[in-house]
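S.K.: One structure is given below, represented as structure tokens, and several questions about it will come after.
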Amino acid sequence: MIEMSVHGVTLDPVSQMPIVVLKAKEDEDIVLPIWIGAFEANGIAMRLQDVEPPRPMTYELLRSVITELGGHVESIHINDLKDSTYYAQVYIIQGNNRIVVDSRPSDAINLALRFDAPIYVAEEVLEKSRVPEPEEESEKKELREWLENIRPEDFEAGGERS
């Protein structure tokens with residue numbers, strides 16, 4: 001497993017779908033873009049910008065429920081990629097119990113951000129997600145180059161869609 005951090009949320013320039021971009025903490029050349037829904041992207045963007053909603057949204061509610069039940073999110077693992085779908089698990093500690101919950105990566109990332117929990121990605125997932133370089137189509141090449149060259153200031157206005 002490789003520890004990653006959320007680099008930001010942006011929009012795919014072609015499909016206009018939100019993308020959460022993860023970067024390895026030890027090697028910033030390792031990048032994992034995951035296309036997600038608008039609601040999930042908004043939740044991530046709000047947390048990254050320290051915006052507190054006036055009333056609890058779904059992820060704040062989940063954070064409160066887990067906390068009130070005496071638990072906390074230990075970590076999340078993005079552990080598989082099948083048919084272009086990513087899979088994740090949320091590791092929750094409650095007393096002496098470790099509870100593992102199946103999750104979409106976008107929901108798991110939202111919880112990790114609210115608990116300051118580490119985000120891990122399996123090396124196999126990173127391998128499967130790589131875009132092949134020699135014979136890649138120009139559109140994929142442009143997207144890969146764009147993702148690799150994103151700067152923090154590119155995220156300031158992105159990610160918040162209604």
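S.K.: If you scan the range 32-46, which residues turn out to be surrounded by fewer than 19 Cβ atoms within 10 Å (Cβ to Cβ) and either β-branched (Val, Ile, Thr) or closer than 23 Å to residue 116 by Cβ (or both)?
M.R.: The initial filter retains those residues of the range 32-46 that are surrounded by fewer than 19 Cβ atoms within 10 Å (Cβ to Cβ), namely 35, 37-39.
Answer for the range 32-46, where residues must be surrounded by fewer than 19 Cβ atoms within 10 Å (Cβ to Cβ) and either β-branched (Val, Ile, Thr) or closer than 23 Å to residue 116 by Cβ (or both): just 39.
S.K.: Right, something else. Under the condition of being surrounded by 13 or more Cβ atoms within 10 Å (Cβ to Cβ) and either in a strand (DSSP E or B) or of a type outside the set (D, E, K, R) (or both), which residue from the range 6-16 is farthest from the chain's Cα centre (by Cα)? Let's see the steps before the verdict.
M.R.: Here is the first cut: in the range 6-16, the ones surrounded by 13 or more Cβ atoms within 10 Å (Cβ to Cβ) are 6-12.
Then drop every residue that is not either in a strand (DSSP E or B) or of a type outside the set (D, E, K, R) (or both), which leaves 6-11.
Values: 6: 6, 7: 9, 8: 9, 9: 9, 10: 12, 11: 14 Å.
Residue satisfying both the conditions and the ranking: 11.
S.K.: Can you name every residue in the range 43-67 that is touching a Ser or Thr at 6+ places or on another chain (Cβ under 8 Å) and either among the acidic types (Asp, Glu) or in contact (Cβ under 8 Å) with a residue 60 or more places away in the chain (or both)?
M.R.: Applying the first criterion (touching a Ser or Thr at 6+ places or on another chain (Cβ under 8 Å)) to the range 43-67 yields 43-44, 56.
Listed by number, the residues that qualify are 43, 44.
S.K.: Would you confirm, using the coordinates I've provided, whether residue 22 is of a type in the set (A, V, I, L, M) and assigned to a helix (DSSP H, G or I)? Working first, answer last.
M.R.: Working: of a type in the set (A, V, I, L, M): yes; assigned to a helix (DSSP H, G or I): no.
For residue 22, the condition - of a type in the set (A, V, I, L, M) and assigned to a helix (DSSP H, G or I) - is not met.
S.K.: Would you mind telling me which numbered condition in (1) of a type in the set (A, V, I, L, M, F, W, C); (2) crowded, with 16+ Cβ neighbours inside 10 Å; (3) more than 17 Å from residue 88 (Cα to Cα) residue 51 fails?
M.R.: Status for residue 51: all satisfied but (2).
Coordinate-derived values only; no laboratory data. In this text the structure is predicted, and so the values were computed from the model without any measurement. All Cβ positions, glycine included, derive from the backbone under ideal geometry; neighbour counts span all protein chains shown.
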